[in-house]
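Single-structure report; data block below.
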Amino acid sequence: NTMDKANTLIMAYMKTSDEKYLLESISIFEIILEEQPSNSSVLNNLAYLLADNDQQLEKAVAYAERAHKASPNDGNNLDTYAYTLIKVGEYEKSIESLRTAIQIFDRNSQNVPWGVYQHLGIAQEGLGDNGAAAASYQQSLEVAGKNISDKDKDWLKKSIERVLR
């Protein structure tokens with residue numbers, strides 16, 4: 001199905017970094033959205049894909065906001081929305097959204113994903129609040145435990161060093 005095709009293209013992009021796979025998966029997600037405009041999962045995935053690759057950031061924010069509104073009690077969607085806000089420099093609004101996302105995860109008795117604390121750190125660093133950013137990055141490392149790639153772990157450790165300088 002179309003969703004599988006989009007996900008396969010994303011995997012191909014992650015393996016090869018060939019932008020044609022990225023752009024193709026984005027257009028497939030957009031086709032799915034034409035048929036299912038309030039599919040919060042597709043909206044969320046598309047928003048994250050755009051934001052994470054610095055593509056069409058205003059669109060990413062709009063998609064993420066729609067995903068959050070479609071599923072307001074989904075902490076992952078709110079995290080994606082906050083991440084898109086970071087990408088357009090709206091750090092304060094992002095921090096508010098991330099704190100709410102953490103409350104949603106807690107309320108639903110779900111573990112807060114380490115990426116939420118990473119995003120919180122990025123937003124705090126964006127505001128120049130380096131002490132808070134270092135604490136969030138550290139919390140991200142602790143929450144991740146062994147469930148994190150070496151690349152992401154290195155990024156967090158370097159970020160802690162950078163903000164504490």
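Assuming a ≥ b ≥ c are the square roots of the Cα gyration tensor eigenvalues, decide whether segment 86-165 counts as rounded (a/c under 1.5), prolate (otherwise, with a/b larger than b/c) or oblate. Because a/c hits 1.5 or more and a/b fails to exceed b/c, segment 86-165 counts as oblate.
Each 10 Å bin from zero holds the following percent of Cα-Cα pairs in segment 38-116: 23, 54, 21, 1.
What the phi angles of segment 67-84 give under the Karplus curve with 6.51, -1.76 and 1.60, with θ = phi - 60°, is a coupling list of 4, 5, 5, 6, 9, x, 9, 9, x, 5, 5, 5, 4, 4, 4, 4, 5, 5 Hz, glycine and proline written as x. Pairs of Cα atoms nearer than 8 Å and 6+ residues apart set the relative contact order; for segment 63-165 it is 20 percent. When a 1.4 Å probe is rolled over the protein heavy atoms, the share of accessible surface on segment 2-149 that falls to carbon and sulfur comes to 46 percent.
If the chain linking residue 146 and residue 41 were pulled fully straight, counting 0.36 nm for each residue of separation and taking away their Cα-Cα distance, it would gain 35.1 nm. Per residue, the accessible area of segment 26-165 comes to 51 Å², computed with a 1.4 Å probe over protein heavy atoms only. Length gained on full extension, residue 93 to residue 20: 23.0 nm, using 0.36 nm per residue less the C-alpha separation.
Considering helices alone, the calculated mean residue ellipticity of the chain at 222 nm is -26000 deg cm²/dmol, with DSSP H runs of length four and up weighted by -39500 (n - 2.57) and normalised per residue. Phi-derived couplings, Karplus 6.51 cos²θ - 1.76 cosθ + 1.60 at θ = phi - 60°, listed residue by residue for segment 21-31: 5, 4, 5, 5, 5, 4, 5, 5, 4, 5, 5 Hz, with x used for Gly and Pro.
The stretch between residue 3 and residue 162 holds 53.3 nm of extra length on full extension. This uses 0.36 nm per residue minus the Cα-Cα distance. The aspartates and glutamates whose alpha-carbon is closer than 17 Å to the alpha-carbon of residue 5, local same-chain residues fewer than 8 away aside, are 18, 19, 24, 30, 34, 35. Computed on segment 30-165, the Cα convex hull volume stands at 104 Å³ per residue.
The values are calculated or read from the model by the stated rules, or taken from the named source; none is laboratory data. Just so it is clear, the structure is predicted and the values come from calculations on it, not from any experiment. To get the accessible areas, we keep the full protein, side chains included, count just its heavy atoms, and leave off ligands, DNA and RNA. Shrake-Rupley method; radii C 1.70, N 1.55, O 1.52, S 1.80 Å.
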